[in-house]
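Each remark here refers to the structure printed beneath this line.
The values are calculated or read from the model by the stated rules, or taken from the named source; none is laboratory data. Please read all numbers here as calculations on a predicted model, not as lab measurements. Because the Cβ atoms are built from the backbone with ideal geometry, glycine has one as well, and the counts that use them run over all protein chains shown. Quick note on the areas: whole protein, heavy atoms, side chains included, nothing else; ligands and nucleic acids left out. Shrake-Rupley method; radii C 1.70, N 1.55, O 1.52, S 1.80 Å.
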Amino acid sequence: MPENKGLVLVVEDEPHIADLQRRYLTREGFGVHVETDGEGALSAVRRIRPVAIVLDIALPGMDGMEVCRRLREEGDWTPVVFVTARDEVTDRILGLELGADDYLTKPFSPHELVARIKSLLRRAAGPQREAVHTLGRLSLDTGRRTLRVDDRPVELTTTEFNLLAFLLRHPGQVFSREQLLAQVWGYAGYRDTRVMDVYVSQLRAKLGGASPIRTVRGVGYGVTEPAR
């Protein structure tokens, strides 16, 4: 039997899709709890404390985006992977802005879903060696997975934290969107590289004037100490 890798909450109102996700996640060593609506999802998160949430957007009653918004408002930063039949760019951007860590559009390969969850959890665990990275007014602790700006704590999603940590480990270097996606999610070939622009925008909004992230037109992103 594979080792227990933690409990994943699957929120899906289509029984055959929920069962497919459950079978593949169980096969990889995850425990799985299934809910079919938004209210049940919120209650389950508070009760069972999952390691990750697979969240359908089109749920009866409270939709998945509202579930994610409420969790983030409560300070719950459990990794969230949105799963939806909708493939509009505005839907993807809104989901990421609400604090989702990844996004899959139906139909999708259950193998890809498992790979994305494993990658998120692996990177949420942080590097083997703990380190504190400081740049300008920022201090990021990869061991405790905390960020402080001017000694004030700033909450980040798992993906936002991983992106900022990677950039801070390589000050002065510039990376393409494809390179950053491969580093942050742990695999190449992500279909829509524009999601990286959303995460950078989110980080800049949270960091304000302390943001060290710079855009190199036609290339990508890097970090340098902000001018005083």
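Matching residues to (1) crowded, with 16+ Cβ neighbours inside 10 Å; (2) outside any helix (DSSP H, G or I):
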site	(1), (2)
I17	yes, no
L20	no, no
R23	no, no
V32	yes, yes
A41	yes, no
V45	yes, no
G61	no, yes
C68	yes, no
R72	yes, no
Being in a helix (DSSP H, G or I), at pLDDT below 75 and within 17 Å of the chain's Cα centre (by Cα), is that true of even one residue in segment 187-199? no
Are there any pairs with C-beta distances below 9 angstrom linking a residue in segment 29-46 that is in contact (Cβ under 8 Å) with a residue 40 or more places away in the chain to a residue that is part of a strand (DSSP E or B), with the two at least 6 apart or on different chains, and if so which? F30/L7; F30/V8; F30/A52
Leading residue by the ranking (farthest from the chain's Cα centre (by Cα)) among those in segment 130-145 that are outside any strand (DSSP E or B) and among the charged types (D, E, K, R): R137
Only one of these conditions is not met by W77: (1) assigned to a helix (DSSP H, G or I); (2) touching a residue at least 60 places away in the same chain (Cβ under 8 Å); (3) surrounded by fewer than 19 Cβ atoms within 10 Å (Cβ to Cβ). Which number is it? (1)
Can you name the residue in segment 47-59 that is among the β-branched types (V, I, T) and open to solvent by 10 Å² or more (accessible area, probe 1.4 Å) and, of all such residues, is farthest from the chain's Cα centre (by Cα)? I48
I need the full set of residues from segment 1-13 which are surrounded by 15 or more Cβ atoms within 10 Å (Cβ to Cβ) and outside any strand (DSSP E or B), in order please. K5, E12, D13
Which listed residue is among the hydroxyl-bearing types (S, T, Y), surrounded by fewer than 14 Cβ atoms within 10 Å (Cβ to Cβ) and modelled with pLDDT under 90, from T90, T105, T84: T90
Just one of the numbered conditions (1) open to solvent by 20 Å² or more (accessible area, probe 1.4 Å); (2) more than 23 Å from R194 (Cβ to Cβ); (3) in contact with a helix residue (DSSP H, G or I) (Cβ under 8 Å, 6 or more places away or on another chain) is not true of L138; which one? (1)
Taking segment 172-181 and keeping only residues that are more than 13 Å from T215 (Cα to Cα) and either touching a Pro at 6+ places or on another chain (Cβ under 6 Å) or open to solvent by 70 Å² or more (accessible area, probe 1.4 Å) (or both), one is left with E178, Q179
R122 vs. criteria among the basic types (K, R) and under 25 Å from A205 (Cβ atoms): no
